[in-house]
Amino acid sequence: MLLTKLRLFLPSLEYQVSIRFYQEIGFEIAWQSDDLTIMKHHELEFFIQNAYVKDWAENTMIQLFVEDIQQFYDQVETMKNDYPMIRFKSIQEEDYGTTFHLLDPAGVLIHVMQHVS
């Protein structure tokens, strides 16, 4: 059996706000309905659902690798006025690499990592 793709489903507290947030960090809408949106950036894809369960949202974690973590962090920092519900910590050097944590508009934890070839 050859596996070819994996898509995860993320909750949204405010559906359109989550879609706009992910667009602003670099994803585009690949497909959309009233209840589901596929967000895409090159080969990366995931669903945003027009659904929210607090325990689900606050216990979901994803890891996102970026080419330039400082540039991505600076971009997120400029977005905090438009998205007052997002939270993020400063960039840290850890044993496993350069990282920072970001909570999306629904409370999903995005573990942002510097991509290393």
### Condition met for Ile110 (more than 17 Å from Leu8 (Cα to Cα), in contact (Cβ under 8 Å) with a residue 40 or more places away in the chain and aliphatic (A, V, I, L, M))
no
### Query
Any idea which of Gln32, Gln63 is exposed (fewer than 14 other Cβ atoms within 10 Å of the Cβ) and farther than 18 Å from Leu102 by Cα?
Gln32
### Task
Kindly check whether there is at least one residue in segment 36-54 that is among the aromatic types (Phe, Trp, Tyr) and within 14 Å of Leu102 (Cβ to Cβ).
no
### Conditions (1) open to solvent by less than 20 Å² (accessible area, probe 1.4 Å); (2) among the hydroxyl-bearing types (Ser, Thr, Tyr); (3) part of a loop (DSSP other than H, G, I, E, B): number failed by Ser90
(1)
### Query
Quick one: how many residues across segment 76-87 are open to solvent by less than 60 Å² (accessible area, probe 1.4 Å) and either within 17 Å of His111 (Cβ to Cβ) or assigned to a loop (DSSP other than H, G, I, E, B) (or both)?
3
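The values are calculated or read from the model by the stated rules, or taken from the named source; none is laboratory data. Model, not experiment: these values are computed from the prediction. When we count neighbours, we look across all protein chains shown, and the Cβ atoms used for this are built from the backbone with ideal geometry, even at glycine. In case anyone asks, the SASA skips ligands and DNA or RNA and just uses the protein heavy atoms, side chains included. Shrake-Rupley method; radii C 1.70, N 1.55, O 1.52, S 1.80 Å.
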